[in-house]
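Asks: Pasting a structure below so you can have a look.
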Amino acid sequence: MVVVVDLTPSTRERHRPSPPRMPALAVLHYFLVGYRRTWRAGVFSSFLLPLLTVLGFGVGVGAYIDQGVDGVPYLDWLVPGLIASTALQVAIGDATWPVFSNFQWIKTYYAQSAAPLRVGDILAGHLLYVLFRVLTTIAAFLLVTGVFGALRSPWAVAALPVAGLLGLAVAAPTFAYAAAVSSDSWLAMLFRFAVIPMTLFAGVFFPVESLPEALRWLAYVTPLWHAVDLCRSATLGVAPQWSVVGHLLYLGAWLLGGALVARRVFRRRLVV
């Protein structure tokens, strides 16, 4: 009696999708495909926001500040702070409701986890999309402010990677927060009690040194102040108040710690 063993893969096995070679880039591609439907509005706001801000704060308010700040015209001093704060707001905007909805409403993450994608791939791919949004927005900001002559040093181009690092540093922990909360009301509270105070008191509109000492140290703790100091030194062509390496390591610590927490929260939500 001869026993024939069929080694041909079953129909299900033949049609099972194989993992993509670079899974995180596949997730990034998914978000970029969706962005193709909304990029026109994004480009419009990317140019309109810096233009209105420069006109309103830099030209309007700056006209009443004759001596400038530290001997620098107020517009030139303000622009690097606006670059960093814009990167912060874009990153947190894309890391709050989109992440929350991907879990609670449209459940995109669950569909992605059902495909041959790991939790780390899903998280990394979405973070790469946030990085893309930050870099494109800040590139437009630099272009507009450069037209106004508010960039005093060729080192201003270094503000672009600094803004990207800041975007990831705040987006990663925000991913964890948005994945953990049960209601989108908590996202509004994040803007009200974290983003707005950070924007107002982290050296964007006035020097941190003018604050009381207690508030000054709270400003130093925020990642925004470190990015503001780096961007300001780049656009003005001066030395930063703190060490460049120290700034980068601090922002990197926010990114690494936030990514680890976000991965843990994502895994708890997605892995059954």
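Asks: Towards the positive end of the charge dipole of the chain, with charges on Cβ (+1 Lys, Arg; -1 Asp, Glu), say which of Val72, Ser182, Ala115 has the farthest Cα.
Replies: The one lying farthest along the dipole's positive direction is Ala115.
Asks: Further question: Please turn the phi angles of the range 201-210 into ³J(HN,Hα) values with the Karplus equation 6.51 cos²θ - 1.76 cosθ + 1.60 (θ = phi - 60°), one per residue in order, whole Hz, x for glycine and proline.
Replies: So the Karplus estimates, Gly and Pro as x, are 10, 9, x, 6, 9, 7, x, 4, 5, 7 Hz.
Asks: Compare Pro173, Pro223, Pro212 in a GNM of the chain, Cα atoms joined below 10 Å, and give the one with the largest fluctuation.
Replies: Looking only at Pro173, Pro223, Pro212, the biggest GNM fluctuation is shown by Pro212.
Asks: Also: Once the dipole of the chain is set up with Lys and Arg at +1 and Asp and Glu at -1 on Cβ about the Cα centre, which of Tyr220, Leu165, Gly257 lies farthest towards its positive end?
Replies: Gly257
Asks: Which is farthest toward the positive dipole end of the chain among Ala239, Leu25, Ser85, measuring Cα position about the Cα centre, with Cβ charges +1 (Lys, Arg) and -1 (Asp, Glu)?
Replies: It is Leu25.
Asks: May I ask you to sort Arg269, Arg133 by Cβ crowding, counting other Cβ atoms within 10 Å and putting the fewest first?
Replies: Numbers: Arg269 15, Arg133 22.
Listed from fewest to most nearby Cβ atoms, that is Arg269, Arg133.
Asks: Shifting gears a bit: Rounded to the nearest 20 debye, what is the charge dipole size of the range 20-270 about its Cα centre when +1 sits on each Lys and Arg Cβ and -1 on each Asp and Glu Cβ?
Replies: Working: 16 positive and 9 negative charges, 250 e Å.
I would put it at about 1200 debye.
Asks: Would you work out the relative contact order for the chain, in percent, from Cα pairs under 8 angstrom that are 6 or more residues apart? Please list the in-between numbers first.
Replies: Numbers: 321 pairs, mean separation 71.0, N = 272.
Here the relative contact order equals 26 percent.
Asks: Taking only DSSP H segments of four or more residues, each worth -39500 (n - 2.57), what value at 222 nm results for the chain once the sum is divided by all its residues, to the nearest 500 deg cm²/dmol?
Replies: Details: 13 runs with 183 residues, N = 272.
The per-residue figure over the chain is -21500 deg cm²/dmol.
Asks: Scan around Val69 for amide H atoms under 5 Å from its own, H built in the peptide plane at 1.01 Å from N, and keep only partners 5 or more places away or cross-chain.
Replies: HN-HN under 5 Å from Val69: Tyr74.
Asks: Once you've got the GNM for the chain with C-alpha springs shorter than 10 Å, pick whichever of Val238, Val90, Val79 has the biggest mean-square fluctuation.
Replies: Val238
Asks: If you add up the charges near Val79, with Lys and Arg at +1 and Asp and Glu at -1, over every other residue whose beta carbon is less than 11 angstrom from its beta carbon, what do you get? Before the final figure, lay out the partial values.
Replies: On the way: positive: Arg152, Arg232; negative: Asp76.
Neighbourhood net charge equals +1.
Asks: Mind listing the phi-derived Karplus ³J(HN,Hα) values for the range 89-94, rounded to whole Hz, using 6.51, -1.76 and 1.60 with θ = phi - 60°, and x for any glycine or proline?
Replies: For the range 89-94, the Karplus-derived couplings read 5, 5, 5, 5, x, 7 Hz, x marking Gly and Pro.
Asks: Follow-up. Which residue, Trp225, Trp242, Trp97, has the most motion in a Gaussian network model of the chain that connects Cα atoms within less than 10 Å?
Replies: Most flexible of the set in this elastic network: Trp242.
Asks: Relative to the longest principal Cα axis of the chain, at what angle does helix 119-147 sit, 0 to 90 degrees, rounded to 10?
Replies: Result, in degrees: 30.
Asks: Now for a different question. To make sure I understand, if each residue's beta carbon is the centre and we count other beta carbons within 10 Å, what order do Tyr30, Tyr74 fall in, fewest to most?
Replies: Tyr30, Tyr74
Asks: Which order results if Ser113, Ser85 are arranged by neighbouring Cβ count within 10 Å, fewest first? List each step's numbers first, then the result.
Replies: On the way: Ser113 20, Ser85 25.
The fewest-first ordering by Cβ neighbours comes to Ser113, Ser85.
Read the figures in this text as sums done on the coordinates, not as results from a lab. Just so it is clear, the model here is predicted, and its values are computed rather than measured. Heads up, the Cβs are rebuilt from the backbone with ideal geometry, glycines too, and the neighbour counts pull from every protein chain shown.
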